[in-house]
Amino acid sequence: MTHTAILAIDQGTTNTKALLVDAEGAIVARGAVPTGVIYPRPGWVEQDPRELWRCTCAAIAACMAQAPGVALAAVAISNQRETALLWERATGLPAGPAVVWQCRRTTPFCQALRDRGLEPLLQARTGLQVDPMFSGSKIRWLIDHAPGGPARADAGALCAGTVDAWLLWKLTGGTPAAGAVHATDLTNASRTQLLNLNTCRWDDEILAHFGIPAAVLPAVQPSGAIHGHTARIDLGGGAVLPAGVPIASMIGDSHASLYGLGGFRPGSVKATYGTGTSLMSPTPTPVLSQRGLSTTIAWAQRPHGTPAIAVTYALEGNIYTTGGAVQWVGELLELRDPGPEVEALARTVADAAGVTFVPALVGLGAPHWQAQAQGLITGLTLGVGPAHLARAALDAIAFQVRDVFDVMGAEAGTPPATLLADGGASRNDLLMQLQADVLGCPVERSRSSEVSPLGAAFLAGLAVGLWAGEDEIAARVPPRDRFEPQRTEAERAAAYARWQEALARTLYEPGSNR
């Protein structure tokens, strides 16, 4: 019997996955390949675009080998956001590295935008604060550092895009002669700081301020829609991706996880715990943040058989270093496997013994947005040991999430009753309990570790008519574990006050007397 499934690709910062998701929403096969990250100098983070594609092909091959009888109904893509690439239009060859979302190399350019007084305009139109994380400044850097870049970009000889656009280009043939499609979806476009949220189009005035010609940018399309069809792709080792499969969704991974968790309605808030953490809450219209959050597009859909496009917006807060803080502490303590060993070590003590760790290791993101902030550990005494530092690292994640969670509730107008959670670091039971204690509300963690590709698969299934609507999707959302708060309000307030005191020390400008 032939089964029908959606091939969901999840291209992350350190790992590339491929899943086959059947009509019941069950994962019937999976493949995963680690993906390398390059640190050419302090603060710079990049990847090889060719390796991103090789890892994608290898993950697809490993996945499809497990289910040789499956017929593909569609391809879905979820991807690391804000990472920017540049390639030759005629050949499809990279014209520079993939500049990763964590990279700070464009800090001077972003400061120049602020010095020109452009931040209010940019935030009003794009919903984003000026920061090196967003893709626009990275695209400008790539154009400036490609041979003949500015002139060739003006002439349309170069293609720029985020990871979704790169994968779509490669999946549809890789060159114009082969029918390659140069397009992105609205979620990824909304993270470039080049998209006008009101028109859902590239903003010509902003492009002029960034010095980016429109000719270099991809077409902007809904997340759930037919973006193109696969070319016949040799995946290696004799495996082949067949031609003609509709590529029916592209969506940033954080947006995809909100959808995969079933957070379709305003009032839902999710946190995806990874190297950093993204909190997101859907809103029916754009809500311009006054307190350090980003306004973005949660997803956009073109329902099967209709020309109409439905756009859902969101408030988002991006925290730079959460799971990365656990990794850093684990390496500092010379633990062999930092993730689980930090949790095990933290469980041996009742609390952090007054130690507070502010993991501003690459600056601070939402809601503070201080790129120059540096990490800080306070409260050290002779009684402090490695276990207390491990516990402080977990506390730091929970406190940073509360910083954003509280602002999100205030700006959305309704305090969220529950936090939905997913991502690798959410597997840490102690962290999830600490998070519930710090927030004072339940945390519901997905039992699936594949929420982002599932969200992309759900959107693709709607686009090709595999499912009729979100009620059917809701019935296929993976079950969740629930963590209830156990601290008193007084305990919660005292712990958060210590965090805020330590945080304030990292926010002082250089030259401060404190």
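The values are calculated or read from the model by the stated rules, or taken from the named source; none is laboratory data. Keep in mind that what you see is a predicted model, and the values were worked out from it rather than measured. Cβ: placed from backbone, ideal geometry, glycine included. Neighbour counts: every protein chain shown. We work out accessible area using only protein heavy atoms, side chains counted, and drop any ligands, DNA or RNA first. Shrake-Rupley method; radii C 1.70, N 1.55, O 1.52, S 1.80 Å.
Just checking, how many residues over region 295-321 are closer than 17 Å to residue 365 by Cα and either touching a helix residue (DSSP H, G or I) at 6+ places or on another chain (Cβ under 7 Å) or modelled with pLDDT of 90 or more (or both)? Steps first, answer last, please.
Filtering region 295-321 for residues closer than 17 Å to residue 365 by Cα gives 295-296, 315-321.
Now narrow it down to the ones that are either touching a helix residue (DSSP H, G or I) at 6+ places or on another chain (Cβ under 7 Å) or modelled with pLDDT of 90 or more (or both): 295-296, 315-317, 319, 321.
Adding up the residues that qualify gives 7.
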Quick check on region 272-286. Is at least one of its residues farther than 22 Å from residue 77 by Cβ, open to solvent by less than 10 Å² (accessible area, probe 1.4 Å) and part of a loop (DSSP other than H, G, I, E, B)? no
Among the candidates 90, 32, 76, which residue alone is open to solvent by 40 Å² or more (accessible area, probe 1.4 Å), farther than 18 Å from residue 136 by Cα and part of a strand (DSSP E or B)? 32
Can you tell me which condition residue 390 does not meet? The list is (1) of a type in the set (A, V, I, L, M, F, W, C); (2) open to solvent by 10 Å² or more (accessible area, probe 1.4 Å); (3) within 22 Å of residue 338 (Cα to Cα), and all the others hold. (2)
State whether one or more residues within region 417-426 are over 26 Å from residue 267 (Cβ atoms), part of a loop (DSSP other than H, G, I, E, B), open to solvent by 20 Å² or more (accessible area, probe 1.4 Å) and not charged (D, E, K, R). no
Report the residue count in region 287-304 for those that are surrounded by fewer than 22 Cβ atoms within 10 Å (Cβ to Cβ) and of a type in the set (A, V, I, L, M, F, W, C). 2
Quick check: anything in region 427-438 within 14 Å of residue 279 (Cβ to Cβ), open to solvent by 40 Å² or more (accessible area, probe 1.4 Å) and in contact with a helix residue (DSSP H, G or I) (Cβ under 9 Å, 6 or more places away or on another chain)? no
In region 305-325, anything under 30 Å from residue 469 (Cα atoms) and either assigned to a strand (DSSP E or B) or open to solvent by less than 20 Å² (accessible area, probe 1.4 Å) (or both) is listed as 310, 311, 312, 313, 314, 315, 316, 317, 318
Among the residues of region 355-378, is there at least one that is in contact with a His (Cβ under 9 Å, 6 or more places away or on another chain), modelled with pLDDT of 95 or more and either under 19 Å from residue 480 (Cα atoms) or of a type outside the set (D, E, K, R) (or both)? yes
